[in-house]
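Each value in this text was obtained by applying a stated rule to the coordinates, not by laboratory testing. Quick caveat, the model's predicted, so the values are computed rather than measured. All Cβ positions, glycine included, derive from the backbone under ideal geometry; neighbour counts span all protein chains shown.
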Amino acid sequence: MDFELNCPKARRVSPAVLKYSFISSSIAIINIKLNDIIGFSLIIRNWIYLQFVFLHAIFVTEMFLSFLAFLTPGVLPLSEREKEKPIALEAYEAMAEEFDARIETKSYNAYLERPATLSLLPDVKGKHVLDAGCGPGLYAEILLDRGATVTAIDISPKMIHFAKQRLGDRATIRRANLEEPLDFMADNSVDIVLSSLVLDYIKNWNSLFSEFSRILRDDGYFIFSNEHPSTKWEVRDDPRQKRRPENYFNLEIVDFLWRGFGKPVRVTSYRRPLSTFFECLHSAGFHLDKLIEAQPTEDFKRANPEDWDKVRRRPSFICIRARKSL
Ligand SMILES: C[S@@+](CC[C@H](N)C(=O)[O-])C[C@H]1O[C@@H](n2cnc3c(N)ncnc32)[C@H](O)[C@@H]1O
């Protein structure tokens, strides 16, 4: 399925160049005026003119190019797109330490998303599991304790650091970007792919799901959780959001200000319609096995009484178990 995406404009003027050329050409103009009043020597006068012409040329060219960029439709050319940084990298680098410290008991994870996602796991004893987007390695630890062999990957170097601290050499841990092919994983080498709350940050589900299908053995499980598409759509009226969803049926970028992991961090993610989940699974050769809309456990009430009423009445996370079709 093809999506429109609200990308930044094709070209941006470097603010530093703009500021420098604008200030310098203004100084040059003032110099020329001063010259009229005071009278400079010919060499100084020529030097001032040259500086004015050169810097002003840069300024005018930059303004012209930025105007052209403004007229360009808001989709990045491929070469620029390839250079795009993973959308959530900075945010997770910023909160990695607090995330690691709080994730075990954080109400939304420990008593809402995690029980639902874990309930989808089959017996993992002796199975090879890929924890895709492992964060500080809490899921990987649970899998290891249940007797699985684990490969854990994440884009954030700090998250990888905390995963290594938590798991030691019990798991294979490496930095990897899920937006790129998983060349380091062999075909049919994994029994289960588990990806908890990571796909919100991945633009191209078709490519990633195909990669998961390639590395999974026949009949293997692909289990993932995601913020509920309905909730992501409804937060449109939340004034804390910088970029709000506009068209439910498009893939869009949204921002949330997270206050739950230390100092507030703006987290950017993708919002997509529910139908996409199944279209992408289907086109990568998966069929849906089970779907859960997570509901809080009683412990949530004790840990976070303020949010209890909200989370027990409205959708928060969607958890899916799919299987590779034979
Ligand atoms: C909400 S955390 C979930 C961590 C872990 N799965 C858990 O549930 O505890 C999201 C994780 O996805 C990782 N992530 C985001 N974009 C990624 C990408 N393009 N490739 C790999 N990991 C990514 C982040 O670094 C972060 O550790």
> Can you list the residues, at least 5 places off or on another chain, whose amide H is less than 5 Å from the amide H of Phe286, using H built in the peptide plane?
Replying inline: Ser325
> Rounded to the nearest 0.05, what FRET efficiency is calculated for Leu274 and Asn177 with R0 set to 25 Å and r the Cβ-Cβ distance?
Replying inline: 0.45
> How large is the Kirkwood hydrodynamic radius of region 89-324, in angstrom, based on all distinct alpha carbon pairs?
Replying inline: 18.1 Å
> What's the extension gain from Trp47 to Glu293 if we count 0.36 nm per residue and subtract their Cα-Cα distance?
Replying inline: 81.5 nm
> For region 149-162, in order, what is each residue's ³J(HN,Hα) by Karplus, 6.51 cos²θ - 1.76 cosθ + 1.60 with θ = phi - 60°, in whole Hz (x at glycine and Pro)?
Replying inline: 9, 10, 10, 10, 10, 7, 7, 8, x, 5, 5, 4, 4, 6
>> What FRET efficiency comes out for Val60 versus His282 if R0 is 51 angstrom and r is the Cβ-Cβ distance? Round to the nearest 0.05.
In response: 0.45
>> Give me the percent relative contact order of region 89-324, please, defined on Cα pairs under 8 angstrom at least 6 residues apart.
In response: 21 percent
>> Under 5 Å between amide hydrogens, which residues at least 5 positions from Ser196 or on another chain qualify, with H placed 1.01 Å from N in the peptide plane?
In response: Ala132, Ser225
> So what are the ³J(HN,Hα) numbers for region 254-262, from phi and the Karplus equation (6.51, -1.76, 1.60; θ = phi - 60°), rounded to whole Hz, Gly and Pro as x?
Replying inline: 10, 10, 10, 8, 8, 10, x, 10, x
>> With the cut-off at 20 Å, tell me which of the pairs Lys232/Lys310; Lys232/Lys263; Lys158/Lys263; Lys125/Lys158 have Cα atoms farther apart than that.
In response: Lys232/Lys263; Lys125/Lys158
>> Whole angstrom only: what separates the Cα centroid of region 250-326 from the Cα centroid of region 172-202?
In response: 19 Å
> Expressed as a rounded percentage, what relative contact order does region 192-326 have, with Cα pairs under 8 Å and six or more residues apart?
Replying inline: 31 percent
>> If amide hydrogens are placed 1.01 Å from N in the peptide plane, which non-local residues have theirs closer than 5 Å to the one on Arg146?
In response: none
